[in-house]
Amino acid sequence: SQPLPPEDQSLMLRLLKWMREPARFTWQNLKEEYEALSPLEQVDIEDEQQGLLEEIDETPGFVSDSLDAMENALEYIHGKEAYEMAMFVIPEYVQDDNFRLAFLRAERFNATAAAQRMVKYWERKVELFGADVAFKSFGSSILDLSKEDLETFINGGIQILPERDEFGRTIIFMLLSNFGNKVDSILRYHWIILHMAIFDPIGGEFNQKYGLAQTITPGTPHPDVGPLLFHERQRLFASLGKDVTTAIPARPVGCHIFVPYENSHLLLRLTEKYLYGLGSVIRMRLNIYILSHDKNEEVFSRLMEYGIGPYELPEILGGCLQFNYQKWVRQKVHNMVWRHRVEIEKDKDQYYRNIASLLELLSHNSDNKNEQEDLDTMLRTMPLNGDVVDMMDEDTNSD
């Protein structure tokens, strides 16, 4: 066999050195952390994963009182510059009851925790997107992503699966090998995907009330996606965990990690390196599955306890689900442009170019003639068609 190039040898040596360093939080620590919970806390976590947690009765009076309590809690929080700026620029959005309800539901109507999460939300949104994008009037969307971010989006490293689990909860699927190597782009992509699940006009309220299930797999490397180095991936997972548990108004009810049998020892060791950064909320809901080529009955038996069967899982996880991610993206973009066409028209210089970039990337990633025709149809039927086509022509002529 040919020797590795010097740069690959250096990377391998760094990886081996990093792997030999003790993990900040080990599997043994995880076991002790879980055992330190009270029996009631353990039952609540298990019930939540299995769809058995007691539903909160959101009567009008209870909701009104909770919103008032959250408003009072916000008054006592210091160091909330981003939140105050949002209140100044888009008060109708920040004060909207439905928007605030998402934060209350994420914290099971703990008003103080919901207020803290909302303050963190605006702080983190400004960090990720900048003030110009953070304070727009219709929330976070695909159109907030830069062209570089959109390239990460198109790779499909994080997806909303079309089938819900047995309890009606949306499943977020993460294919780590398609993440790419741009940490900040992945974080913005993750932010947008969770917003699409939490604030979806059809199923968003259900997801707020009952939480989201997450499935994660290393996957087969995508030929067009660069690797994310181990120390960068460590930072990424810490940020992903922190965003979903302290800022975004989402509640992860289960995190299911699938590893192939052939590399299970190495991947479990790598996963151990990320445990600390994931945070306690996700760690307490972590489930690991070892996948083989043919004998996964025990895996699916365990998954069924959490409401996830083979028909809800993509084929790469041993399931039966066939899912065209890029077709899903096209439909989401089309629906979003129609839904927010008035707001987009007010800031068309930014959004037209983003729409054009996304459609162009989708076109480059499609080898299917019918999909190309679908893209052409989308362009013709968009309410902002003329300007979008002009900008796509400009991009083509400038290449």
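Here A113 passes the criteria (1) modelled with pLDDT of 95 or more; (2) open to solvent by 50 Å² or more (accessible area, probe 1.4 Å); (3) part of a helix (DSSP H, G or I) except the one numbered (2).
Out of I172, I160, I154, I need the residue that is open to solvent by less than 30 Å² (accessible area, probe 1.4 Å), more than 30 Å from E305 (Cβ to Cβ), within 15 Å of the chain's Cα centre (by Cα) and touching a residue at least 40 places away in the same chain (Cβ under 8 Å). Which one?
On inspection, the qualifying residue turns out to be I154.
Regarding D132, is this residue free of Cβ contacts under 8 Å to residues at least 40 places away in the same chain and assigned to a loop (DSSP other than H, G, I, E, B)? Outline the logic, then answer.
On the way: free of Cβ contacts under 8 Å to residues at least 40 places away in the same chain: yes; assigned to a loop (DSSP other than H, G, I, E, B): no.
In short, no.
Within segment 16-42, how many residues are of a type in the set (K, R) and either surrounded by 15 or more Cβ atoms within 10 Å (Cβ to Cβ) or assigned to a loop (DSSP other than H, G, I, E, B) (or both)? Write out each step before concluding.
Step one: of segment 16-42, the residues of a type in the set (K, R) are 17, 20, 24, 31.
Cutting the leftovers down to either surrounded by 15 or more Cβ atoms within 10 Å (Cβ to Cβ) or assigned to a loop (DSSP other than H, G, I, E, B) (or both) gives us 24.
Here the count works out to 1.
Take the residues in segment 248-265 that are β-branched (V, I, T) and part of a strand (DSSP E or B); name whichever of them is modelled with the lowest pLDDT.
Step one: of segment 248-265, the residues β-branched (V, I, T) are 248, 253, 257, 259.
Next, from what is left, pick out any that are part of a strand (DSSP E or B): 253, 257, 259.
Working: V253: 94, I257: 92, V259: 87.
Per the criteria, the residue is V259.
Which members of segment 101-121 meet the condition of being in contact (Cβ under 8 Å) with a residue 40 or more places away in the chain and small (G, A, S)? A102, A106, A111, A114, A115, listed by residue number. Among the residues of segment 43-58, those identified as open to solvent by 50 Å² or more (accessible area, probe 1.4 Å), of a type outside the set (V, I, T) and not in a loop (DSSP other than H, G, I, E, B) are D44, E46. Applying the condition of being assigned to a helix (DSSP H, G or I) and of a type outside the set (F, W, Y) to segment 98-110 and asking which residue is most open to solvent (accessible area, probe 1.4 Å) yields N98. Here E312 meets the list (1) loosely packed, with under 15 Cβ neighbours inside 10 Å; (2) modelled with pLDDT of 60 or more; (3) acidic (D, E) almost entirely, failing just condition (1). Among the residues of segment 86-97, is any open to solvent by 20 Å² or more (accessible area, probe 1.4 Å), free of Cβ contacts under 8 Å to residues at least 40 places away in the same chain and not in a helix (DSSP H, G or I)? Yes, that holds for at least one residue. Could you go through segment 128-146 and let me know if any residue there is open to solvent by 50 Å² or more (accessible area, probe 1.4 Å), among the polar types (S, T, N, Q) and at pLDDT 95 or above. No: segment 128-146 contains no residue that is open to solvent by 50 Å² or more (accessible area, probe 1.4 Å), among the polar types (S, T, N, Q) and at pLDDT 95 or above. Scanning segment 166-185 for residues that are touching a helix residue (DSSP H, G or I) at 6+ places or on another chain (Cβ under 6 Å) and assigned to a helix (DSSP H, G or I) turns up N178, V183, S185. Checking each residue in segment 294-314 for being in contact (Cβ under 8 Å) with a residue 12 or more places away in the chain and under 14 Å from Y261 (Cβ atoms) picks out N296, V299. Is it fair to say L13 is modelled with pLDDT under 90 and surrounded by 10 or more Cβ atoms within 10 Å (Cβ to Cβ)? Yes; evaluated as a whole, the condition is true for this residue. Being open to solvent by 40 Å² or more (accessible area, probe 1.4 Å) and not in a helix (DSSP H, G or I) is the filter here, so list the residues in segment 59-83 that pass it. Residues satisfying the conditions are T59, Y76, H78, G79. Under the condition of being open to solvent by less than 30 Å² (accessible area, probe 1.4 Å) and under 15 Å from Q49 (Cβ atoms), which residue from segment 262-285 is nearest to the chain's Cα centre (by Cα)? Within segment 262-285, the match that is nearest to the chain's Cα centre (by Cα) is I282. Does L240 count as touching a residue at least 12 places away in the same chain (Cβ under 8 Å), open to solvent by 20 Å² or more (accessible area, probe 1.4 Å), under 29 Å from L128 (Cβ atoms) and among the hydrophobic types (A, V, I, L, M, F, W, C)? So L240 fails the test.
The residues of segment 291-302 that are open to solvent by 20 Å² or more (accessible area, probe 1.4 Å) and either in a helix (DSSP H, G or I) or modelled with pLDDT of 90 or more (or both), listed by number, are E297, E298, F300, S301, R302.
The values are calculated or read from the model by the stated rules, or taken from the named source; none is laboratory data. Please read these numbers as outputs of a predicted model, since none were measured by experiment. As a convention, Cβ positions derive from the backbone with ideal geometry for all residues, glycine included, and neighbour counts pool all protein chains shown. Protein only, heavy atoms only, side chains kept; ligands, DNA and RNA dropped before computing areas. Shrake-Rupley method; radii C 1.70, N 1.55, O 1.52, S 1.80 Å.
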